[in-house]
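The values are calculated or read from the model by the stated rules, or taken from the named source; none is laboratory data. Since this is a predicted model, take the numbers as computed values, not measurements. Positions of Cβ are backbone-derived with ideal geometry, glycine not excepted, and every protein chain shown enters the neighbour counts.
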Amino acid sequence: MRLILIILFISILFSSCLKKIEEADNLNTNIFDKEYAGGCWFNVTDTYSYINGDGQTKIRIEAVLPESNMPGLKPSSVAIYCSVNDQPELLLNVGTDDNGNYPFYYDAIPESSNEYCLEAGLYLASEDSTINRFVVCSQP
């Protein structure tokens, strides 16, 4: 009986020392977490019209996932689902540039509205899902 009381006392003592770290619940700054609570992880850098090789006018929305928004180890590429103004979604495999950033773009069909809203989310191949979608609007 005494041994049981000693074991019980020791387990209570050790469990109080192993309290949960309160800050652990707030670690939601990784853009690859479903519970990400930070701001938009990409920036739209330019929006302009151009004529492609087939003679069609397109609106290009250029964006970048800054290296500073990536957590810890940096992958050589990131999968991003994106679309503009409800046009078809594209899955882009985005590699790094010379600065360690991940630039990407979407070529949209011109619309009567002069505002083009890029919606982008990170694609998790292991779960076949897109997370942390954000929308940024711009004009050419």
- How many residues does region 70-84 hold that are free of Cβ contacts under 8 Å to residues at least 40 places away in the same chain, surrounded by 18 or more Cβ atoms within 10 Å (Cβ to Cβ) and not small (Gly, Ala, Ser)? 3
- By residue number, the members of region 99-131 that are in contact (Cβ under 8 Å) with a residue 24 or more places away in the chain, closer than 20 Å to Ser77 by Cα, hydroxyl-bearing (Ser, Thr, Tyr) and out of contact with any Gly (no Cβ under 8 Å at 6 or more places or on another chain) are Tyr105, Tyr106, Tyr123
- Subset of region 24-55, residues modelled with pLDDT of 95 or more and among the polar types (S, T, N, Q), comes to Asn43, Thr45, Thr47, Ser49
